[in-house]
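The values are calculated or read from the model by the stated rules, or taken from the named source; none is laboratory data. Here the structure is a predicted model, which means the values were calculated and not measured. Cβ placement follows ideal geometry from the backbone for every residue including glycine, while neighbour counts extend to all protein chains displayed.
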Amino acid sequence: SSRASAVLSALDIPTTPVELDGVYDGTWKGSGDFIESICPATGEILARVKTASPQELHHAIDRTREAYLAIRTMPAPRRGEIIRQIREALFAKREQLGALVSLEMGKIRTEGVGEVQEFVDICDYAVGLSRMMNGRVVASERPGHSILEVPNPLGVVAVLSAFNFPVAVYGWNLSVSLAAGNATLWKPSPTTPLCSIAVTKIISSVLEKNGLPGAVAGLVTGGKDVGEAVVQSKDVDMVSFTGSEHVGRIVGKAVQARFGKALLELGGNNAAIIMPDADLPLAVPAVFFGAVGTAGQRCTSTRRLYLHSSIAPDFISRLQKLYASVAPGDPLDSATLLGPVHTAAALRIHEEAIEDAKASGGEVLTGGTPFAASDLSSHLRGGFFARPTIVRPGTSSVQHPAWSTERFAPVLRVAEFSDLSEAIAWNNGVPQGLSSSLWTRDMRNVGKWIGAEGSDAGIVNVNVGTSGAEIGAAFGGNKSTGWGRESGGDAWKQYCRWSACTINFSDAAPLAQGVSFPA
Ligand code: UN1
């Protein structure tokens, strides 16, 4: 359609013929199976992408290893300068790339652009990091000795990313991994190949301009076979995987079986807790964005809402008003707040989330029914639009599937509590531990929430919703979310091979712990 070709041509992605190479290791190629990029708003096929054959994949891994050897001895601040140029190149295409995210993933315009901005932000962070990846000097117990902790480059880092953040999650990994001196090989979601091709083109032009091997930031598109081969390759030092708990369990075991490093960012089942003293004009829109934004398809989306019984009826009726105001639309249209879910299969997941609640004896408070054709403008009738829904499960038992499962769809589950300890127990009672949010003006609640008796999630917010984290903090979660941390904080330390170096500058060679071993 002309709608699609306008977005693609702005990024120099040819629309005729619509068959694209999906592998880059210094040169573009692809002779494996085809994957199709489908526009979730219209159902149209945007392009067919030629994935990596097994041979091309192994070749790409070899090229990535060679690129690592070339880049690991480059001073980190010079790598930072490359990242700065990548940042500039991405920023120059921010609107165009954001539009492609909307076209191919389906998130709305402001969120598509926001996702590219997140990549720009983490590049800025990594430029700074490139001059701040400090090791340590530790006091030795022996005279004339020093202990150094030295961060060295790690090797080849493979990034397996999910459809829902087809640009930013790769950005977190690439920028920090490159600052640390690694070469990165990207295996994106098979349903968002165009975003990965567009991003790789932008980055490779910077690498080429600087005389660096393109395989510093290589790309292998493909399905399950390609993913499995990357995960099992002993030539891949670290696998950074974002996706479901189900696949993450397989990836984690496969990497562990060969004693590789795995960084897992898996499911979220994030709760917002609203105390009686919460500022409702702030809390209601935050829950609305958390649950309905990105059509409920962020790892950090708000999936559970725990309301203090004293404010529950008021909160629900305010939320229902906002839900009633949101209409499905073209994610490319900047007025749209609700885009499609990403695939036809996601519509089924949406139904399952509603069925779970009903099976527990629960009720639908808002939504619950599919959109009618008349709700959608004519060019969107082949798209995958799910009506945002609020349910009240018939049980508050967090073990019940109506509460314990992550369903990647805009379904918010609600229950009432009477004191904070009960709500924290529910918050912590599910297998996942990614994000969480407490709304209160009372310091005592805050202290409890962020401390030892508080939320066991990786992200523990106060008067801030569950989704939409900034890049500066480490991003990730605990328990079945996989314990990984990406983006800011100390996450960079995982992309390094740490060396503990004890150096003896003296004329004696004493043993530690005063051990005597005369020779
Ligand atoms: C994800 O959903 O996998 O905090 C990542 C957020 C975004 C990143 C989400 N900055 O919602």
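Observations on the structure shown:
- For region 243-258, a residue qualifies if it is away from the ligand (no atom under 16 Å from the Cβ) and touching a residue at least 60 places away in the same chain (Cβ under 8 Å), and exactly one does: Gly252.
- For region 348-384, the tally of residues that are of a type outside the set (Gly, Ala, Ser), free of Cβ contacts under 8 Å to residues at least 60 places away in the same chain and over 21 Å from Arg109 (Cα atoms) stands at 14.
- Checked against (1) over 23 Å from Arg413 (Cα atoms); (2) in contact with an Asp or Glu (Cβ under 7 Å, 6 or more places away or on another chain); (3) within 15 Å of the ligand (Cβ to nearest atom), Lys261 passes all but a single condition, namely (3).
- Selection status of Val101, in a strand (DSSP E or B), among the hydrophobic types (A, V, I, L, M, F, W, C) and buried (at least 19 other Cβ atoms within 10 Å of the Cβ): no
- Filter result for the condition that a residue is touching a Phe, Trp or Tyr at 6+ places or on another chain (Cβ under 7 Å), under 15 Å from Ile203 (Cα atoms), modelled with pLDDT of 95 or more and in a helix (DSSP H, G or I), over Val120, Val116: Val120
- Where a residue in region 218-242 is under 14 Å from Ala60 (Cβ atoms) and assigned to a loop (DSSP other than H, G, I, E, B) and its partner, wherever it lies, is small (Gly, Ala, Ser) and within 16 Å of the ligand (Cβ to nearest atom), with Cβ under 8 Å and at least six apart: Thr221/Ser196
- Answer residue from region 462-498, given it is within 10 Å of the ligand (Cβ to nearest atom) and among the polar types (S, T, N, Q) and is farthest from Cys123 (Cα to Cα) among those: Thr466
- Test: residue in region 151-168 that is under 25 Å from Val206 (Cα atoms), in a helix (DSSP H, G or I) and either basic (Lys, Arg) or touching a residue at least 40 places away in the same chain (Cβ under 8 Å) (or both): yes
- Any hit, region 326-343, residues being of a type outside the set (S, T, N, Q) and at positive phi: no
- In region 82-120, residue farthest from Gly329 (Cα to Cα) [restricted to those that are in contact with a helix residue (DSSP H, G or I) (Cβ under 8 Å, 6 or more places away or on another chain) and among the acidic types (Asp, Glu)]: Glu118
- Restricting attention to region 245-272, the residues that are surrounded by 15 or more Cβ atoms within 10 Å (Cβ to Cβ), part of a loop (DSSP other than H, G, I, E, B) and at pLDDT 95 or above total 4.
- Residues being touching a Gly at 6+ places or on another chain (Cβ under 9 Å) and under 22 Å from Ile424 (Cα atoms) - total across region 255-284: 7
- Residue list for region 189-201, filter: buried (at least 22 other Cβ atoms within 10 Å of the Cβ) and either under 18 Å from Arg63 (Cα atoms) or aliphatic (A, V, I, L, M) (or both): Leu194, Ile197, Ala198, Val199, Thr200
- Filter pass, Ala4 being at pLDDT 95 or above and either assigned to a loop (DSSP other than H, G, I, E, B) or farther than 30 Å from Val156 by Cα (or both): no
- Which listed residue is more than 16 Å from the ligand (Cβ to nearest atom), within 30 Å of Asp419 (Cβ to Cβ) and touching a Lys or Arg at 6+ places or on another chain (Cβ under 7 Å), from Asp277, Asp237: Asp277
- Residue under evaluation Val120, criteria (1) closer than 26 Å to Cys39 by Cβ; (2) crowded, with 24+ Cβ neighbours inside 10 Å, criterion not met: (2)
- Residues satisfying the criterion are absent from region 439-462 (criterion: of a type in the set (Ser, Thr, Tyr), closer than 30 Å to Asn182 by Cβ and surrounded by 19 or more Cβ atoms within 10 Å (Cβ to Cβ)).
- Enumeration of residues in region 432-460 that are in a strand (DSSP E or B) and touching a Leu at 6+ places or on another chain (Cβ under 7 Å): Ile459
- Region 160-182 - residue that is touching a Lys or Arg at 6+ places or on another chain (Cβ under 7 Å) and closer than 22 Å to Asp235 by Cα and, of those, farthest from the ligand (Cβ to nearest atom): Gly181
- Taken over region 36-74, the residue count meeting the criterion of being under 25 Å from Asn152 (Cα atoms), more than 25 Å from the chain's Cα centre (by Cα) and polar (S, T, N, Q) is 1.
- Set side by side, the residues Phe288, Phe315 differ, and just one is in a helix (DSSP H, G or I), surrounded by fewer than 24 Cβ atoms within 10 Å (Cβ to Cβ) and within 16 Å of the ligand (Cβ to nearest atom), which is Phe288.
- The lone exception for Ser325 - which of (1) without any contact (Cβ under 8 Å) to a residue 12 or more places away in the chain; (2) within 16 Å of the ligand (Cβ to nearest atom) it fails: (2)
- In the set Ile503, Ile471, only one residue is in a strand (DSSP E or B) and among the β-branched types (Val, Ile, Thr); that residue is Ile503.
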